[in-house]
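Inspection log for the structure reproduced underneath, given as structure tokens.
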Number of protein chains: 2
Amino acid sequence: MRLKKLLAAEAPQQNVEVRGWVRTLRASKEVCFIELNDGSCFASLQLVADRTVDNFAELAHIGTGACIKASGNLVDSPAKGQRWELHVSELTVIGNADPSYPLQKKRHTFEYLRSIAHLRPRSNTFGAVFRLRNALSYAVHQFFQQRDFLYVHTPIITASDCEGAGELFRVTTLDPANPPKNNGRIDWQKDFFGARTGLTVSGQLQGELFATAFSDIYTFGPTFRAENSNTSRHASEFWMIEPEIAFANLADDCQLAEDFLRYLVKYALEHCAEDLQFFNDRIEKGLLDKLTALADATFSTMTYTEAIEQLKNSGQNFEFPVEWGLDLQSEHERYLCEQVVNGPLFVTDYPKEIKAFYMRANEDGKTVAAMDLLVPRVGEIIGGSQREERLDVLTARMEELDMAPESLDWYLDIRRWGSCPHAGFGLGFERLIMYLSGMENIRDVIPFPRTPGHAEF
Amino acid sequence: MRLKKLLAAEAPQQNVEVRGWVRTLRASKEVCFIELNDGSCFASLQLVADRTVDNFAELAHIGTGACIKASGNLVDSPAKGQRWELHVSELTVIGNADPSYPLQKKRHTFEYLRSIAHLRPRSNTFGAVFRLRNALSYAVHQFFQQRDFLYVHTPIITASDCEGAGELFRVTTLDPANPPKNNGRIDWQKDFFGARTGLTVSGQLQGELFATAFSDIYTFGPTFRAENSNTSRHASEFWMIEPEIAFANLADDCQLAEDFLRYLVKYALEHCAEDLQFFNDRIEKGLLDKLTALADATFSTMTYTEAIEQLKNSGQNFEFPVEWGLDLQSEHERYLCEQVVNGPLFVTDYPKEIKAFYMRANEDGKTVAAMDLLVPRVGEIIGGSQREERLDVLTARMEELDMAPESLDWYLDIRRWGSCPHAGFGLGFERLIMYLSGMENIRDVIPFPRTPGHAEF
């Protein structure tokens, strides 16, 4: 039986069998205590074996990390901090582990644990991280499915390079030592897809296509950035959630983002209580208070223009300049939500120059219907916008930016026939997990992180 | 209100508002009929507008594909085949469509619809396909989450090339026209990840790592094949589901596969009745009978060796040879499940030479603990195995196959410390959708298919 179910027992149980990996073992001549974990929950089960067990002499040779099977009775535990323990009648070693096992009982740095990313899920911290990741994944689907959003798998390989081609990984099967050439230049028509292709940076554009057929859709899949930046918040491969809603404006978009984030936080508080308690105790003091506050918080809204005024009048000495037309930096974002509104904050209507071409132009001619959701301690966690649904306005904007409208004919087509106002946003899944766990490095919330120089495992 | 909810109404409704896209429009001098669809369900809603509507004269100019908003009363419909219709009091054109709209009311070939993959979701067939895809995605998660399996995001970019490097797409940021070289050869250490990397063909190996920490896990993500094959069953990018279970043998694996497939079929029958009815009527006659039979079927089991005997004694003239040691072809698989057992069939214990290095060696020295699940009309739909958990046996097998064990040190490590029997399988998600819808081309069950020469949209 899985430990999660067993440890939730309301009464003692006869003859149960458990299987898992040894976290610690203490053996004396008379008795042997083993902490067993099977990954189903944070807690381990204490196994107590005495000399009545047939192979008692063997037990002292079981190493940390060994895989074992044990059966016996689940009884009240006299030990502190645990309700149950298992009195072992039979114990079998399935796969032993010698002292070279890298996860011995001691404190390891996260850096070291990254180098054994194949074993770190067997530690307390990473067991909790990946259970939280699992729970939140499911919560994402539940939230959208309950609201009848259609889940769409947008393509990973893409020939569309409109969003910053410089950051695209190239996908190719051409012989790198001897690529086919035409007039001295690489002949991409001879590549696998008959075109130059790369890994997607966002499923939004394709998501919009589906929103104009199914009304409400969402994506949840891997996205990529070939940015050579080694920060604790950037990975080359990460998962993103991007809903897109038809017949919606920026206010509807903000409402959806608020409902979504609130749902996820409440879901985690309800379904991952044990893991969050660990994060609260060992990773980020006050985490539970922070999350509880967010779950009940009022979400404020402020335009970018108001935000700039607030920052200018703040009397604060910011590292980065505050000027209408410049992007907000993390320090500004945190000041706004922590000091000004003391809670989550939507900043809306940014200057068009610092936002993407597809965002809907406002009447003022200067700003677009964009929003960022800022949260205390982190800053931006969600970014979205109403999309430009007017064909002539969108085409003109693309030309202004030297983008060839023909290259995105399919994207323009949904403005050509049956166009409608629509909006959406993106949430980086790893940013969410970092926020909900207090983990400070994105490498520590992805099973096998990919960053510059690293694609191990 | 979304049409799915509205059409499920049990009583007439006053003053409701609907939004969607015009499928057809018939206008006379006195009345205008519009079929409106919003993608939330297969059925369209009939709007009936007469001269009491303010802009009645304008309605005749609404084109197929236009996006409109209408309000009025939902009343009993006198028309055949529909319970409700909407008597329009107000109608607004949100985005019109002129006659150049490519999805005019007529029968289009699937080939043509692939060329407008951004618009085909607005057709009956592809609306149904992508709603089914959505429902099955959620069913996959529900099945595993109910059983406490942990969802893991295995990496898309991988430096491990053990599974047929020839079929790997290369992922790179090197300048293709002038790649860095070392002694005349491309210097992969200078590539983004400091190594030669490609797109994953399977998350299984990494899934195994997580199974030896969390016991039961599953992956559900995109996988890739750079195979230059233009068949109706192969795509370069597709989604795969790969569960991995610790403390399990081949029989446990078969049981899980049976439970899983049965669950998905029942889920579709229950949640996608309207869409399946359409597939049954228009795409594959007898589909509903086929699925109902599968949901209740007994799953048979037969070893590969028995299967070869059955085929040899069948008196059939097969196109491909039947010989112990050769792989089963589709015609053989279909004969076995359609003619021999008349239902789904697990074929187990294949010759080791035709299966992957990681499959567990049987006692006979000739076969491995592999299984394929064959279903009538399709053949193989699931393939899996018990994995070799014995370090020495696995290492010896790798050496036999000229694979360097060091290259998969991390994979061997979980056999080194705390090894345990474990098993898993893979289900190609598109194959499943094809089976459940009767759609015959994989390009028609993926939103934006990637195949040789094609990465449009």
Solvent accessible area, Å² - A:LYS181, 1.4 Å probe, full protein context: 110
query: Put a dot 7 Å past each Cα toward the Cβ at B:ARG416 and B:ASP252; how far apart are the dots in nm?
result: 2.5
- request: Would you mind getting the accessible area per residue of segment B:3-95, heavy atoms of the protein chains only, 1.4 Å probe, in Å²?
  value: 49
task: Kindly state, to the nearest 0.05, the FRET efficiency for A:GLU111 paired with A:ASP281, given R0 = 22 Å and r defined as their beta-carbon distance.
output: 0.55
field: In order through segment A:173-189: 3J(HN,Hα) via Karplus (6.51 cos²θ - 1.76 cosθ + 1.60), integer Hz, x for Gly, Pro
entry: 10, 5, 5, x, 7, 8, x, x, 10, 9, 6, x, 10, 4, 8, 5, 4
message: With a 1.4 Å probe and all protein chains left in place, how much of the accessible area of segment A:3-95 comes from carbon and sulfur atoms, in whole percent?
response: 48
query: Lys/Arg Cβ at +1, Asp/Glu Cβ at -1, dipole of the protein assembly as shown taken about the Cα centre: which of A:THR64, B:ILE442, B:SER89 is farthest positive-ward?
result: B:SER89
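So what is Rg over Rh here for the protein assembly as shown, counting just Cα atoms and using Kirkwood for Rh?
0.98
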Average projection area in nm² (convex hull over Cα atoms of segment B:3-95, one quarter of hull surface): 5.4
field: Equivalent ellipsoid, segment A:215-340 (semi-axes from 5 times Cα gyration tensor eigenvalues, Å)
entry: 26, 22, 20
- request: Could you compute the FRET efficiency for A:SER229 and A:PHE357, with r as their C-beta to C-beta distance and R0 at 25 Å, rounded to 0.05?
  value: 0.60
statement: Here P(r) for segment A:137-289, Cα-Cα distances in 5 Å bins, as whole percents, is 2, 8, 13, 14, 15, 14, 13, 9, 6, 4, 3, 1, 0
- request: Identify all lysines with a Cα-Cα distance to B:LYS69 below 27 Å; exclude those on the same chain that are fewer than 8 residues away in sequence.
  value: B:LYS4, B:LYS5, B:LYS29, B:LYS80, B:LYS105, B:LYS106
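Given R₀ = 22 Å, what would the calculated FRET efficiency be for A:ALA60 paired with A:THR92, taking r from the Cβ atoms and rounding to 0.05? Don't jump to the answer; show the numbers that get you there.
On the way: r = 16 Å, r/R0 = 0.71.
The value I calculate is 0.90.
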query: A:LYS312 accessible area, nearest 10 Å², 1.4 Å probe?
result: 110
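Mind ranking B:ASP253, A:ASP364, A:ASP413, B:ASP54 by accessible surface for me, highest first, 1.4 Å probe? List each step's numbers first, then the result.
Working: B:ASP253 0, A:ASP364 80, A:ASP413 20, B:ASP54 155 Å².
My answer, sorted largest first, is B:ASP54, A:ASP364, A:ASP413, B:ASP253.
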task: Using only alpha carbon pairs under 8 Å that are at least six residues apart, calculate the relative contact order of chain A and give it in whole percent.
output: 13
task: Name the residue farthest towards the positive end of the dipole of chain A from the options A:HIS271, A:LEU150, A:GLN206, assuming +1 on Cβ of Lys and Arg, -1 on Cβ of Asp and Glu, about the Cα centre.
output: A:HIS271
- line: For A:SER236, the residues 5 or more places away or on another chain with a placed amide H closer than 5 Å to its own amide H are A:ARG450, A:THR451
- prompt: Which ³J(HN,Hα) values in Hz, rounded to whole numbers, follow from the phi angles of segment B:69-74 under the Karplus curve 6.51 cos²θ - 1.76 cosθ + 1.60, where θ = phi - 60° and Gly and Pro get x?
  reply: 10, 9, 10, x, 9, 8
- request: Could you let me know the centre-to-centre spacing of segment A:323-365 and segment B:373-440, using Cα atoms, in angstrom?
  value: 49
query: Over segment B:328-388, how many percent of alpha carbon pairs lie in each 10 Å bin up to the one with the longest distance?
result: 26, 46, 27, 2
message: What do you get for the angle between helix B:391-400 and the principal long axis of chain B? Use alpha-carbon atoms, 0 to 90 degrees, nearest ten.
response: 90
field: Base-10 log of normalised Debye intensity for chain A (one unit scatterer per alpha-carbon) at q = 0.06, 0.08 Å⁻¹
entry: -0.36, -0.60
query: B:GLY453 label points, 7 Å along Cα→Cβ, one per copy: pairwise distances from this copy to the rest in nm, shortest first?
result: 4.4
- prompt: Measuring from label point to label point, each 7 Å out along Cα→Cβ, what is the B:ALA273 to B:THR24 span in nm?
  reply: 2.5
task: Counting only heavy atoms of the protein chains, get the accessible area per residue of segment B:380-420 (1.4 Å probe) and round it to a whole Å² value.
output: 39
- prompt: What do you reckon, how do A:SER236, B:SER160 stack up by accessible area (1.4 Å probe), largest on top?
  reply: B:SER160, A:SER236
message: In chain B, once you exclude exposed GluC sites (Glu not before Pro) (DSSP loop, at most 12 other Cβ within 10 angstrom), what's the longest stretch remaining?
response: B:31-318
field: Where A meets B: accessible area buried, both sides, 1.4 Å probe, Å²
entry: 8400
query: Taking a probe of 1.4 angstrom, what is the accessible area of B:HIS454 in Å², to the nearest 10?
result: 90
query: Once fully extended, how much extra length lies between A:ASP392 and A:GLU331, figured as 0.36 nm per residue of separation less the alpha-carbon to alpha-carbon distance?
result: 18.2 nm
field: Heavy-atom accessible area order for A:LYS285, A:LYS5, largest first, 1.4 Å probe
entry: A:LYS285, A:LYS5
message: Please report, for A:VAL31, the nm distances (one decimal) from its label point, 7 Å out from Cα along the beta-carbon direction, to the equivalent points in the remaining copies, shortest first.
response: 8.6
message: Assume the label is 7 Å from Cα along Cα to beta carbon: what separations in nm does A:ASP252 have to the matching positions in the other copies?
response: 4.9
- prompt: Can you list the aspartates and glutamates whose alpha carbon is less than 13 Å from that of A:LYS355, not counting same-chain residues fewer than 8 positions off?
  reply: A:GLU163, A:ASP327, A:ASP372, A:GLU388
- request: Per residue of segment B:252-264, in order, report the coupling 6.51 cos²θ - 1.76 cosθ + 1.60 (Karplus, θ = phi - 60°) as ³J(HN,Hα) in whole Hz, putting x for Gly and Pro.
  value: 4, 5, 4, 4, 5, 5, 5, 4, 5, 5, 4, 4, 5
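The values are calculated or read from the model by the stated rules, or taken from the named source; none is laboratory data. Since the structure is predicted, the reported quantities are computational estimates derived from the model, not experimental observations. Note that we place each Cβ from the backbone using ideal geometry, even for glycine, and neighbour counts take in every protein chain shown. Side chains included, ligands, DNA and RNA excluded: accessible areas come from the protein's heavy atoms. Shrake-Rupley method; radii C 1.70, N 1.55, O 1.52, S 1.80 Å.
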